[in-house]
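The values are calculated or read from the model by the stated rules, or taken from the named source; none is laboratory data. Keep in mind the model is a prediction, meaning the values are calculated, not measured. Cβ atoms come from the backbone with ideal geometry, glycine included; neighbour counts cover every protein chain shown.
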Amino acid sequence: MQLLKFSWINQALLPAALAAVLASGPQVSAAQTAPGSEAGVFLIRSNGTEIGSERFQIRQTDAGWEATGELRLQVPGGPQVSETSTLRLGANWKPARYERRQQAPQKGTLTAEFAPEGTLLSSNTEAGAQEQIFLLSEDGLVVLDTNFFHQYAVLLRQFDTARTGTQSFNVFVPQEATPSIIRVTLIGPETLTIQGAPVELQHFRATTEDIQLEIWATGRREIQRIEIPQANLEIARQP
């Protein structure tokens, strides 16, 4: 099927810029350490003003992996946003099930059940219920829903640092019911000053047809910072 373009930024975040103090501590290169379970909080700022946070956890399960997020946003002049997400994956990082629940400004649930014969996307909102079926490529498939930035850590865990050059991944955006492609490049190690101390992180660049993201992560693919200059956005991990 033809892959469509999509926007990465939810309308609630379009005015935002995300910035915060980053976690410190010794780091290693991306090729040296296998990714594992992690938990943390991203601070979200717009033009230097904190507008929200995302609490997340990525953990191993008997079936593979589970990534959960809890988002709280309060954009000046806009409604409060409260959402949670749960992404279950197999041991090979292939998506099995995704669920997103919105508590505010409106209540609603979005689920995606992934299967070789077709992905069933179901939504249940105050306006009613809908279902759609998508035939998605299972090769390098990742879920990247809008607003939940911890899902980029799941993307980075599938990046093969032993290979050179840009690597492409098939993407499904449940909130927008849209498939697309994202290309990831390892720019290389960079030293950032965090809490007054130099810290070596790996710089990744993720690009779609619409937008480019700059991502800095540890050797265990634990994201410390994301910048989206095109949208004037910045996200940083709480120390």
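Numerical summary
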| read-out | value |
| --- | --- |
| Considering residues of segment 172-204 that are without any contact (Cβ under 8 Å) to a residue 40 or more places away in the chain and aliphatic (A, V, I, L, M) only, the residue surrounded by the fewest Cβ atoms within 10 Å (Cβ to Cβ) | I187 |
| Filter pass, S122 being part of a strand (DSSP E or B) and among the hydroxyl-bearing types (S, T, Y) | yes |
| Test for A129: is it over 30 Å from L43 (Cβ atoms) and out of contact with any Pro (no Cβ under 9 Å at 6 or more places or on another chain) | yes |
| Qualifying residue in segment 155-162 (condition: of a type outside the set (S, T, Y), modelled with pLDDT of 90 or more and part of a strand (DSSP E or B)) | no |
| Pair list, Cβ < 6 Å and 6+ apart or interchain, from segment 114-137 residues that are closer than 25 Å to Q103 by Cβ to residues that are in a strand (DSSP E or B) and of a type in the set (D, E, K, R) | L120/E113; S122/E131 |
| Filter pass, G140 being of a type outside the set (S, T, Y), in contact with a strand residue (DSSP E or B) (Cβ under 6 Å, 6 or more places away or on another chain) and more than 18 Å from E234 (Cα to Cα) | yes |
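Rundown of residues vs (1) more than 17 Å from the chain's Cα centre (by Cα); (2) surrounded by 13 or more Cβ atoms within 10 Å (Cβ to Cβ); (3) modelled with pLDDT under 95, yes/no style:
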| site | (1), (2), (3) |
| --- | --- |
| A20 | yes, yes, yes |
| S29 | yes, yes, yes |
| A34 | yes, no, yes |
| A39 | no, no, no |
| G48 | yes, no, yes |
| S53 | no, yes, no |
| Q57 | no, yes, no |
| G78 | yes, yes, yes |
| T84 | no, yes, no |
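Matching residues to (1) closer than 22 Å to S53 by Cα; (2) within 17 Å of the chain's Cα centre (by Cα):
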residue	(1), (2)
A112	no, yes
F134	no, no
D139	no, no
N147	yes, yes
A162	no, no
N170	no, yes
V173	yes, yes
G188	no, no
E214	yes, yes
